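Beneath this line is the structure, given in structure tokens, with notes to follow.
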Amino acid sequence: MTKTAQLAIARGLAETTAGTNVTVNSVLPGPTSSEGVIGFVDKLAADRKTDRQTVEKEFFLKDTSLVALKTL
């Protein structure tokens with residue numbers, strides 16, 4: 001399910017349960033370190049002549065303007 005769909009379902013449930021003392025929360029997962037992602041990031045690091053940790057930190061600090069968590 002896409003993140004937009006997850007939010008839509010959470011909003012619909014929240015509207016459906018309004019006034020019933022039910023709270024609806026939605027937690028959306030962020031980027032996941034998988035085998036494919038690690039390979040991609042390693043290639044970026046090699047291209048930039050740096051290490052994976054530096055590329056990851058730059059990604060979270062600069063490339064994801066919507067990511068609220070800015071620390072690693």
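The values are calculated or read from the model by the stated rules, or taken from the named source; none is laboratory data. This structure is a prediction, so every number in the text was calculated from the model and none was measured. Virtual Cβ from ideal backbone geometry, glycine too; neighbours counted across all protein chains shown.
Overview of values
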{"read-out": "Filter result for the condition that a residue is out of contact with any strand residue (DSSP E or B) (no Cβ under 9 Å at 6 or more places or on another chain), surrounded by 12 or more Cβ atoms within 10 Å (Cβ to Cβ) and at pLDDT 90 or above, over Ala8, Ala18", "value": "Ala8"}
{"read-out": "Every pair of residues 6+ apart whose Cβ atoms lie under 6 Å, when the first sits in segment 6-17 and is over 17 Å from Pro29 (Cα atoms) while the second is among the hydrophobic types (A, V, I, L, M, F, W, C) and surrounded by 14 or more Cβ atoms within 10 Å (Cβ to Cβ)", "value": "Leu13/Val24; Ala14/Val24"}
